[in-house]
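All remarks here apply to the structure that follows.
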Amino acid sequence: MPDVSAGSLDESLSQQVTFEVTVLDPGPLLFTTPPTIDASGVARFSLSPTGPGDAHITVMLRDNGGVEDGGKDRTEQRPFIIRVVHVNLAPSFTLPQPDALAVEA
(Lines give C-alpha, C1' and ligand atoms only; values in the text may rest on other atoms or scores of the structure.)
Protein backbone atom coordinates (compact mmCIF):
# COMPACT_ATOMS: atom_id res chain seq x y z
CA MET A 1 0.00 0.00 0.00
CA PRO A 2 1.48 3.39 -0.95
CA ASP A 3 2.14 6.01 1.70
CA VAL A 4 -0.59 8.61 1.00
CA SER A 5 -0.85 11.67 3.23
CA ALA A 6 -2.32 15.19 3.05
CA GLY A 7 0.69 16.48 5.00
CA SER A 8 1.25 16.79 8.74
CA LEU A 9 -0.92 14.82 11.17
CA ASP A 10 -3.42 17.66 11.71
CA GLU A 11 -3.77 18.13 7.93
CA SER A 12 -4.15 14.39 7.34
CA LEU A 13 -7.02 14.24 9.83
CA SER A 14 -8.93 17.19 8.34
CA GLN A 15 -8.16 17.14 4.62
CA GLN A 16 -9.07 14.79 1.81
CA VAL A 17 -6.70 13.84 -1.00
CA THR A 18 -7.33 13.02 -4.65
CA PHE A 19 -5.01 11.79 -7.37
CA GLU A 20 -5.04 13.57 -10.71
CA VAL A 21 -4.05 11.07 -13.40
CA THR A 22 -3.21 12.14 -16.97
CA VAL A 23 -2.75 9.60 -19.77
CA LEU A 24 -0.44 10.92 -22.50
CA ASP A 25 -0.46 9.84 -26.17
CA PRO A 26 -0.70 7.14 -27.45
CA GLY A 27 -1.78 5.55 -24.19
CA PRO A 28 -5.52 6.30 -24.33
CA LEU A 29 -5.90 3.70 -27.10
CA LEU A 30 -4.70 1.00 -24.71
CA PHE A 31 -7.63 1.40 -22.31
CA THR A 32 -11.37 0.86 -22.34
CA THR A 33 -11.42 2.40 -18.84
CA PRO A 34 -8.58 4.88 -18.30
CA PRO A 35 -6.37 4.64 -15.23
CA THR A 36 -7.54 6.17 -11.96
CA ILE A 37 -6.01 6.08 -8.49
CA ASP A 38 -8.24 6.18 -5.43
CA ALA A 39 -7.45 8.10 -2.23
CA SER A 40 -5.70 5.09 -0.69
CA GLY A 41 -3.37 4.79 -3.71
CA VAL A 42 -4.95 1.82 -5.51
CA ALA A 43 -4.78 2.08 -9.32
CA ARG A 44 -7.58 0.71 -11.51
CA PHE A 45 -7.95 0.47 -15.30
CA SER A 46 -9.27 -1.83 -18.03
CA LEU A 47 -7.23 -2.71 -21.11
CA SER A 48 -8.63 -2.62 -24.63
CA PRO A 49 -7.99 -5.53 -26.99
CA THR A 50 -5.98 -3.30 -29.38
CA GLY A 51 -2.67 -4.88 -28.53
CA PRO A 52 0.64 -4.09 -26.92
CA GLY A 53 2.06 -0.66 -26.24
CA ASP A 54 3.17 1.82 -23.62
CA ALA A 55 0.98 4.35 -21.83
CA HIS A 56 2.93 7.27 -20.43
CA ILE A 57 1.11 8.55 -17.34
CA THR A 58 1.59 11.47 -14.98
CA VAL A 59 0.06 11.57 -11.51
CA MET A 60 -0.23 14.33 -8.94
CA LEU A 61 -1.69 14.19 -5.43
CA ARG A 62 -3.86 17.13 -4.35
CA ASP A 63 -5.47 17.92 -1.01
CA ASN A 64 -8.44 20.19 -0.31
CA GLY A 65 -6.58 22.45 2.14
CA GLY A 66 -5.94 25.28 -0.30
CA VAL A 67 -2.88 27.54 -0.54
CA GLU A 68 -3.71 30.27 1.99
CA ASP A 69 -0.82 31.43 4.18
CA GLY A 70 1.70 29.97 1.71
CA GLY A 71 0.35 26.43 1.94
CA LYS A 72 0.79 23.82 -0.78
CA ASP A 73 -2.10 21.72 -1.99
CA ARG A 74 -0.38 19.47 -4.53
CA THR A 75 2.69 17.43 -5.20
CA GLU A 76 4.90 17.64 -8.25
CA GLN A 77 3.75 15.56 -11.20
CA ARG A 78 5.33 12.12 -11.20
CA PRO A 79 5.62 10.09 -14.41
CA PHE A 80 5.26 6.35 -14.79
CA ILE A 81 4.61 3.88 -17.61
CA ILE A 82 2.03 1.14 -17.98
CA ARG A 83 3.53 -1.34 -20.44
CA VAL A 84 1.14 -3.77 -22.14
CA VAL A 85 2.97 -6.74 -23.63
CA HIS A 86 1.86 -9.04 -26.41
CA VAL A 87 0.03 -12.19 -25.40
CA ASN A 88 0.37 -15.20 -27.69
CA LEU A 89 -3.22 -16.06 -28.56
CA ALA A 90 -4.25 -19.17 -30.47
CA PRO A 91 -4.72 -18.59 -34.20
CA SER A 92 -8.24 -18.47 -35.59
CA PHE A 93 -9.96 -18.20 -38.96
CA THR A 94 -13.40 -18.00 -40.53
CA LEU A 95 -14.19 -19.72 -43.81
CA PRO A 96 -16.10 -17.53 -46.24
CA GLN A 97 -19.43 -18.83 -47.52
CA PRO A 98 -19.02 -19.83 -51.18
CA ASP A 99 -21.41 -18.20 -53.67
CA ALA A 100 -21.54 -21.39 -55.73
CA LEU A 101 -19.91 -24.75 -55.52
CA ALA A 102 -18.58 -26.34 -58.72
CA VAL A 103 -18.99 -30.10 -58.85
CA GLU A 104 -17.96 -32.34 -61.75
CA ALA A 105 -20.18 -35.31 -62.49
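The values are calculated or read from the model by the stated rules, or taken from the named source; none is laboratory data. Remember, predicted model here, so these are calculated numbers, not experimental data. Cβ: placed from backbone, ideal geometry, glycine included. Neighbour counts: every protein chain shown. Keep in mind that these areas ignore ligands, DNA and RNA; they rest on the heavy atoms of the full protein, side chains included. Shrake-Rupley method; radii C 1.70, N 1.55, O 1.52, S 1.80 Å.
In Å², and per residue, what accessible area does segment 17-84 have when probed at 1.4 Å with the other protein chains present?
66 Å²
Once you have the Cα-Cα distance between Gln77 and Ser92, take 0.36 nm times their residue separation minus that, and quote the gain in nm to one decimal.
My answer for the length gained is 1.0 nm.
Which ³J(HN,Hα) values in Hz, rounded to whole numbers, follow from the phi angles of segment 61-74 under the Karplus curve 6.51 cos²θ - 1.76 cosθ + 1.60, where θ = phi - 60° and Gly and Pro get x?
Whole-Hz 3J(HN,Hα) from phi for segment 61-74: 9, 10, 10, 9, x, x, 10, 4, 6, x, x, 10, 10, 8.
Could you give the size of the charge dipole of segment 36-95 about its Cα centre, using +1 on the Cβ of each K and R and -1 on the Cβ of each D and E, expressed in debye and rounded to the nearest 20?
The dipole of segment 36-95 has a size of about 300 debye.
For a protection proxy built on the mean count of beta-carbon atoms within 10 angstrom, sort 57-67, 71-81 highest first, please.
Per-residue Cβ counts within 10 Å, averaged per peptide and sorted highest first, yield 57-67, 71-81.
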